[in-house]
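The values are calculated or read from the model by the stated rules, or taken from the named source; none is laboratory data. Because the structure is predicted, anything quoted here is derived from the model rather than measured. Using ideal geometry, Cβ is built from the backbone for each residue, glycine included, and neighbour counts are taken over all protein chains shown. Note: accessible area is taken over every heavy atom of the protein model, side chains too, but ligands, DNA and RNA are not part of it. Shrake-Rupley method; radii C 1.70, N 1.55, O 1.52, S 1.80 Å.
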Amino acid sequence: MDNLRANLKNKKRVVVKIGSSSLQHPETGDLDYTKMDILVRELCNIRNEGKDVILVSSGAIGCGRKSLHLKPPLTIAQKQACAAIGQARLMTTYQKIFSEYSHQAAQILMTRNTIVADLNRRNAQNTFNELLRMEVIPIVNENDTISTFEVEDIIGDNDTLSAIVTALTGADLLILLSDIDGLYTDDPRQNPNAEFVARVDSLTDERLRMGKGTTGSSVGTGGMETKLTAAKIATYSGADMIIANGADVRVIHRIMEGRDYGTIFKANKNEAFDFAQFIEELHR
């Protein structure tokens, strides 16, 4: 166990992102309640250790689409309507499960303007800090009912959003649960000779080029490119980041124990890095 991983158990504020494909049964698209229950239990256990924990959860559009019996492709308006229905259903499920473990969950829906507008950003920051002070677990998603940035693949699923939340709240660890084991030198689904990268100490141009606009899931929208964008935001803001496979969400406590799962990106705090400006320029 290297020191970087061994130190993960000492993290004080943890952001966990889970994608749509990790929350649903691939055969039906229905929510996987067993996996959601394990996920919530893992997060509650982190909270019980005295750490702050924030969940960034996809799944609203998929949940709404399933309840409306719609099949892709969907228009932007249809996706927004699905999000309006699905987000409510998703949060109802989360709150029921969190309450079983005697914890409170709160919903925070964000848009691009939450980040790039100074007053909105400060208000969001204050809300996060107050909820965490109250030992509440915030559940974050993009507000797809009024914002088209994510559903048009501009933000890139919730990978970038989770890194924004990490920077905004001063979290010191971001865990991205995905449908892939971590970073590879090439897309392992296409190239059998792709090599796994266990640790990234700095985001060189070579590393950033490993991100390709691909995703192995028909449910989510984020590929490795968005995860490397997230790594840049998170590590430059002073947080370590891990990309790991979310097929078994119990990987969360294994990561927190310092065990060798996923790709770890070392924090490289850059005092000159302005994540709000970075996001604004990302959408130009």
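Remarks
- Of all residues in the range 104-121, those that are under 18 Å from residue 274 (Cβ atoms) and buried (at least 20 other Cβ atoms within 10 Å of the Cβ) have Cβ atoms under 6 Å from Cβ atoms of residues that are of a type in the set (Lys, Arg) and at pLDDT 95 or above, 6 or more apart or on another chain, in 115/121.
- Considered as a group, the residues in the range 153-208 that are among the β-branched types (Val, Ile, Thr) and out of contact with any strand residue (DSSP E or B) (no Cβ under 9 Å at 6 or more places or on another chain) include one that is nearest to residue 18 (Cα to Cα), and that residue is 160.
- Among the residues of the range 5-64, those identified as farther than 21 Å from residue 131 by Cα and among the basic types (Lys, Arg) are 5, 9, 35.
- Filter result for residue 71 (surrounded by fewer than 18 Cβ atoms within 10 Å (Cβ to Cβ) and charged (D, E, K, R)): yes
- Filter result for residue 207 (among the charged types (D, E, K, R), modelled with pLDDT under 85, open to solvent by 50 Å² or more (accessible area, probe 1.4 Å) and more than 25 Å from residue 144 (Cβ to Cβ)): yes
- Taking the range 101-113 as the range and being among the polar types (S, T, N, Q) and under 17 Å from the mean Cα position of the chain (by Cα) as the test, the residues that pass are 107, 111.
Each row is one residue, and each column tells you yes or no for (1) at pLDDT 85 or above; (2) exposed (fewer than 15 other Cβ atoms within 10 Å of the Cβ); (3) in a helix (DSSP H, G or I).
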| position | (1), (2), (3) |
| --- | --- |
| 165 | yes, no, yes |
| 190 | yes, yes, no |
| 202 | yes, yes, no |
| 213 | no, yes, no |
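- Residue that is farthest from the chain's Cα centre (by Cα) [pool: residues in the range 44-78 that are among the basic types (Lys, Arg) and closer than 20 Å to residue 32 by Cα]: 71
- Residue within the range 36-54 that is modelled with pLDDT of 95 or more, hydrophobic (A, V, I, L, M, F, W, C) and more than 19 Å from residue 177 (Cα to Cα) present: no
- Within the range 1-58, being under 21 Å from residue 83 (Cα atoms), touching a Ser or Thr at 6+ places or on another chain (Cβ under 7 Å) and not in a helix (DSSP H, G or I) holds for 17, 18, 19, 31, 54, 56, 58.
- Looking only at the range 55-68, and only at residues there that are modelled with pLDDT under 95 and among the polar types (S, T, N, Q), the one that is most open to solvent (accessible area, probe 1.4 Å): 67
- Index of the failed condition, residue 74 passing every other in (1) under 23 Å from residue 173 (Cα atoms); (2) out of contact with any Ser or Thr (no Cβ under 8 Å at 6 or more places or on another chain): (1)
- Qualifying residues in the range 12-35 (those that are among the β-branched types (Val, Ile, Thr) and modelled with pLDDT of 95 or more) - the one farthest from residue 179 (Cα to Cα): 14
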